[in-house]
1. Pairs to check: Lys170/Lys284; Lys135/Lys219; Lys409/Lys430; Lys341/Lys384. Give those whose C-alpha atoms are more than 18 Å from each other in this structure.
2. Express in % the proportion of alpha carbon pairs of region 251-428 at distances exceeding 29 Å.
3. Can you give the relative contact order of the chain as a percent, counting alpha carbon pairs under 8 Å and 6+ residues apart?
4. Where in region 142-156 is the amide nitrogen less than 15 Å from a point lying 7 Å along the Cα-to-Cβ axis of Asp69?
5. Given 0.36 nm per residue, what is the gain on full extension from Ala433 to Gln349 after removing their alpha carbon distance, in nm?
6. To the nearest 0.05, what FRET efficiency results for Ala263 and Glu79 with a Förster distance of 35 Å applied to their C-beta separation?
7. Per residue Cα convex hull volume for region 143-187, in cubic angstrom?
8. Please give the per residue volume of the convex hull enclosing the alpha carbon atoms of region 1-82, rounded to a whole number of Å³.
Amino acid sequence: MTEFAMIIGGTRVRAASEFDVMNPSTGKLIAKAPNASAQDLDRAVAAATSAFELWSKRTDAERSKACLDIAGKIGEHAEELAQLLTQEQGKPLNGLGSRFELGGAQAWAAYTASLSLPVKTLQDNEQGRVDLHRKPLGVVGSITPWNWPVMIAVWHILPAVRTGNTVVIKPSPFTPLSTIRLVEIMNEVLPAGVVNVVTSDDRLTNIGAAMAAHQDIRKIVFTGSINTGKKVMATAADTVKRLTLELGGNDAGIVLPDVDPEAIAEGLFWGAFINNGQTCAAMKRLYVHESVYDRVCNALVAFARNIPVGDGQDEKSILGPIANQMQFDKVKRLVDAATQKGRVLLGGQPGQGLFFPPTLIADLTATDPLVFEEQFGPALPIIKYSNLEDAIAQANDSPNGLGGSVWSKDIEKAKQVANRLECGSVWINKHGAIQPNAPFGGVKSSGCGVEFGEEGLVEYTDIQVVFS
Ligand code: NAD
């Protein structure tokens with residue numbers, strides 16, 4: 001069994017205790033991960049603080065090259081990382097699974113290398129000159145979830161180091177191994193201490209909470225649930241940390257009457273079921289106009305029933321198991337309640353272990369938990385509407401505001417509806433497609449701040465204005 005250690009100051013560090021990491025496809029132990037203590041976190045922050053002195057003074061070109069080199073390293077090690085990710089997360093190697101995630105991680109790293117934040121001259125005249133500089137913050141604490149752990153680690157780490165910060169990352173206890181290996185690989189091109197990783201089981205030591213409270217961490221970039229995000233925000237207030245919070249979503253898709261149901265079925269399916277629905281900006285509620293309702297339901301069933309579900313390491317699998325027991329129990333609870341009220345079109349009953357087949361449940365309404373709670377799993381509620389105003393109101397009647405989508409042949413009409421949705425990203429005839437040059441973030445309780453593009457990069461800096 002491979003030995004996994006934390007990476008602190010460029011060296012492998014064992015913890016005094018360890019915790020088990022399980023394969024959700026088989027229920028078997030893959031490896032033990034280090035369970036960091038508060039002192040281990042202090043050591044990692046101290047290493048990052050000391051590395052900041054040098055790293056923040058490197059030239060922009062040097063830091064850009066380092067990010068590009070990281071992209072190259074991710075490419076070189078993509079298959080190894082994909083195999084590890086599949087073992088601990090369960091997602092298949094193929095389809096929109098681990099190899100896809102590694103491709104995304106490499107692309108994001110390379111794009112981030114190409115971004116920069118040059119000094120902006122705000123004024124240069126006889127009254128004087130005013131220059132706006134973007135300065136790195138110091139040590140950034142990154143806390144990641146278990147759904148897209150490698151890609152999200154890259155989303156956090158790359159803009160931080162690109163702008164001259166140093167990082168301590170703490171992955172989810174469900175998926176620590178791919179992040180440990182990713183950071184190890186990054187350390188082949190970065191100076192010691194620029195990126196450090198500590199891992200812990202929240203039930204043993206809550207290192208995430210300790211990071212939010214830490215005096216020497218200047219920013220937390222957090223991706224995870226709304227509940228934990230609120231705790232991070234409250235704790236971070238004491239040290240006035242900068243925050244980027246990418247939290248939960250309950251994205252609505254609205255299907256207008258003019259669609260061709262068979263033509264949109266594949267896009268609807270993957271909008272909802274990418275990564276088994278365990279995706280922040282997956283479609284989690286589908287509103288369909290009554291005139292096309294039955295045909296959309298039938299077309300979705302026809303597409304979904306042919307998707308191979310199986311062990312993530314089986315090359316034939318396109319969807320895997322739910323990633324962990326906690327999430328499985330949540331999905332089962334919501335589906336059980338929905339089957340009492342709605343019409344099960346497909347699935348509805350769990351399989352072996354953590355497997356749960358793609359589940360489509362029609363005829364649900366706003367009061368059903370599968371509609372108003374974030375399921376984060378392979379179960380889509382379908383809601384019939386007759387009045388578009390009502391569908392828009394229902395879509396917006398949520399504390400979340402991450403993404404949304406509108407499906408129609410009439411793009412202008414769809415854009416008008418999109419404009420009225422309360423969410424950070426909205427797609428026409430697709431759902432959840434993100435890209436490194438477009439800022440991504442939530443409104444309302446789905447978070448604060450954005451990632452990606454120049455807007456995402458500035459979140460890792462403070463402004464200093466020089467008047468001369
Ligand atoms: P989670 O909130 O349970 O855990 C996220 C991370 O926070 C983990 O690393 C965990 O160990 C850590 N943590 C636990 N307690 C903490 C505390 N008190 N202080 C600080 N950190 C703590 O979330 P999860 O179940 O891993 O992820 C699923 C959720 O993440 C879903 O709600 C999903 O929508 C959301 N998500 C959002 C985005 C986005 O970009 N908006 C992307 C992916 C996932």
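1. Lys170/Lys284
2. When every Cα pair of region 251-428 is considered, 15 percent fall beyond 29 Å.
3. Relative contact order of the chain: 18 percent.
4. What the label zone holds, given the 15 Å backbone N cut-off, is no residue at all.
5. Additional length available on full extension: 27.3 nm.
6. Plugging the Cβ-Cβ distance into 1/(1 + (r/R0)^6) gives 0.50.
7. Hull volume over Cα atoms, normalised by residue count, gives 60 Å³.
8. 122
Just so you know, all these numbers are worked out from the coordinates, no wet-lab data involved. In this text the structure is predicted, and so the values were computed from the model without any measurement. Positions of Cβ are backbone-derived with ideal geometry, glycine not excepted, and every protein chain shown enters the neighbour counts.
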